[in-house]
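Heads up, the thing below is written out as structure tokens.
The values are calculated or read from the model by the stated rules, or taken from the named source; none is laboratory data. Not measured: the values here are computed from a predicted model. Don't worry about glycine lacking a Cβ; one is built from the backbone with ideal geometry, like all the others, and counts go over all protein chains shown.
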Amino acid sequence: MINNRRKKVFLPIFSIGAFIILLVIVVGFNRILEDPRIHLLINEGGAEWIRFPEPFRLPVRWSEQLSTYFRYRFDVQMVPEKAVLNFRVMKNAVIYLDGSVLLRTTEGKWKEPHRFDISRWLSLGEHELIFEVSNFNGHPALIAYSEQLSIFSGSRWAASKDRREWYPALSVDRISPFSISLTFLRADRAIGSLSPLLLSIFVFFFFWSLRLNDHLPPSWMKKASLSAGSVRWIVLGGWLLLAFNNFWKIPLEMGMDFKGHMQYILHVAEHGRIPLATAGWQMFQPPLYYLVTSSIYQFIEPLFSAETVIRILKLFPFFCGLIQVELSYRTVRVAYPDREGMQVVGTLLGGLIPMNLYMSQSLGNEPLAGCLTAMLILLALRIISRVSIANRESAILMGFVLGLALLTKATPILIILPLLFFISSEILKGSATPGEGVRLTVRFIAIFLGIALTVSGWYYLRNYLEMGGLFIGGWDSSREIVWWQDPGYRTPRQFYTFGVSLFYPVFSSIFGFWDGIYSSFWSDAYLSAYTFSRPPWNYRFMLSGLWLSLFPSAAILIGFFSSFRKNHGPVVLLRFCTACITFYLVATFYLFLTVPIWSNAKASYALGLIPCFTLIGTEGFDLLTRQRFVRAVAYGLLACWAVASYVSYFAV
């Protein structure tokens, strides 16, 4: 009876949701193909998009107009009745045939295909076709083809900046590593250089695991077996030791946009007010982190030197990262209350995720936003698992935490829909009647969102009144700070290829989305944006970690996809975590597509989802280790990964 009622309630909801998702996909795909603001270059007609063969630059590029000449010489032995030249350019072009202007294009219509019959300008003999292509804040690019004349843009075309020196044109898919990336030891060679140490760790924990599963293990091994709580304290202690060791060793300016964050802190401290997004590089960020940090700054600034003040300010993000260890531990306690082994695995996995280790050692609002988002996720997991009750008090607490998270960074908005969906489902399932369920659901949502809007809504309303938009991004034109980064365009290849990060992980996002996400999740692939001098990491361990991380990555993927099939265990919790990760992944994917710069494929956007990765990875680990021998291998690999992750960011 109850199951039938649930089906009646949820079947329409799922049907409507599926229709909305399908509609969004169709509309989104159409926009991708037609919107001139989306720089996606898709090969067609046997031709490929080409550009000038210059290496990409790592630094930010400021406002500039770039121009490239593309030349193709061809011989006409018989003039065809029709010779249609098909082409697209990014973004303006003047087309010349034998020195005479054939056509001029306009930037706003650069995605529209141009078809131009040039047969009446042809005669027997050799001809020269030149495209003068210009682009504002992006590389000029061209695709052109004519089947009648056997013209197809590619490596046989020449490219020039000045029409004097010509070079073979380069396919837009041909991307080379930044020069700094090649100065590091290749990741596969790094793990080879550490193989004696890693093999020793693996063998020890492999046999440890095998003996622990014997009926009569040695007494010393029984005593040495640690509880999840003990592992939690060991990991927390390791973090504190890391802070003590690294306090004076980390360069002051190390960290993503250090100068921008410091400028924001000093502005609030000196002027006592929140700046507009146009006032500086990072001034578009919500203010909570900067309000807290500026208060700390004002208190300690008279007591210490300028250098020491900055180092003390860096302890606040570190403390936020430290809290994530506790949140990971509590997450697996909720999901696996009676399984000590899984709690140990989850605590290690969540407590030593590299992106949390390196992000927490720099100034910035990301660790605080991640910490608050993770708290919100844990509160939701407790309700979904029915450890807590979805009542007025929990709605107020969760709304307050969400408000603080949104007042730190806008990205936590991505978990609101999955959070409300799964909590509403639990409320409806646990209600005596559908009417009561709807009433309790509406009350919870109203209180939850009302509190969140009360805490953070004033800031976004201010943005709308002052800047004309609720959310202001760092690349938003309304900020009047014009900049861009290579590559400046996207190709389909950048969305489906993967593997460069296993060899050249540093700044591997230049090659594509998945390399960028993988390398920044499992290592400091962006060098904490400190490219003038390397951060003082243990690079052999960090680079080796990219290979060792294939194992926890496999566990996360297995846990992710198993949530669609499982009908037992913490299945609802897994599906909630899967939904949160999917929302973030889609949003990051969209950002990668629409803002075509190398620094947008960052896993750190999902720093607040560490409880989700912890839970899903732990579930995948459980599914991988059903057999005794495989379990021993898994524990050995996990130990190697944990050691490499921690030692990587223990400054020397």
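Here are the numbers for the structure shown:
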read-out	value
Test for Leu212: is it modelled with pLDDT of 90 or more and not β-branched (Val, Ile, Thr)	no
Failed item in (1) buried (at least 20 other Cβ atoms within 10 Å of the Cβ); (2) in a helix (DSSP H, G or I), with Lys429 passing the rest	(1)
Out of Leu58, Leu33, sole residue that is under 28 Å from the mean Cα position of the chain (by Cα), assigned to a helix (DSSP H, G or I) and not basic (Lys, Arg)	Leu33
Test for Arg333: is it part of a loop (DSSP other than H, G, I, E, B) and over 26 Å from Ala601 (Cα atoms)	no
Any hit, segment 274-285, residues being touching a residue at least 40 places away in the same chain (Cβ under 8 Å), closer than 30 Å to Trp248 by Cβ and part of a helix (DSSP H, G or I)	no
For Trp110: the one exception among (1) under 33 Å from the mean Cα position of the chain (by Cα); (2) over 22 Å from Glu44 (Cβ atoms); (3) among the aromatic types (Phe, Trp, Tyr)	(2)
Subset of segment 162-204 that is outside any loop (DSSP other than H, G, I, E, B) and without any contact (Cβ under 8 Å) to a residue 60 or more places away in the chain - its residue that is nearest to the chain's Cα centre (by Cα)	Thr183
Condition check for Ile143: under 25 Å from Val500 (Cα atoms) and in contact (Cβ under 8 Å) with a residue 12 or more places away in the chain	no
Complete set of residues in segment 61-88 that are more than 43 Å from the chain's Cα centre (by Cα) and among the aromatic types (Phe, Trp, Tyr)	Phe74
Any hit, segment 537-548, residues being among the hydroxyl-bearing types (Ser, Thr, Tyr) and either in contact with a Ser or Thr (Cβ under 7 Å, 6 or more places away or on another chain) or assigned to a loop (DSSP other than H, G, I, E, B) (or both)	no
Any strands (runs of 3 or more DSSP E) falling wholly within segment 64-150 and containing at least 3 residues that are within 19 Å of Pro596 (Cβ to Cβ)	65-76, 84-90, 125-136, 141-146
Count - residues of segment 264-275 that are closer than 11 Å to Leu363 by Cα and surrounded by fewer than 21 Cβ atoms within 10 Å (Cβ to Cβ)	0
Residue in segment 442-482 that is nearest to the chain's Cα centre (by Cα), counting only those that are surrounded by 15 or more Cβ atoms within 10 Å (Cβ to Cβ) and more than 24 Å from Leu404 (Cβ to Cβ)	Trp475
So Leu349, is it hydrophobic (A, V, I, L, M, F, W, C) and either within 18 Å of the chain's Cα centre (by Cα) or within 26 Å of Pro505 (Cα to Cα) (or both)	yes
Lone unmet requirement of (1) surrounded by 19 or more Cβ atoms within 10 Å (Cβ to Cβ); (2) in contact (Cβ under 8 Å) with a residue 60 or more places away in the chain; (3) not hydrophobic (A, V, I, L, M, F, W, C) for Lys91	(2)
Phe19 over 27 Å from Glu132 (Cα atoms) and either touching a strand residue (DSSP E or B) at 6+ places or on another chain (Cβ under 7 Å) or at pLDDT below 65 (or both)	yes
Of all residues making up segment 367-389, the number that are modelled with pLDDT under 95 and more than 16 Å from Phe444 (Cα to Cα)	2
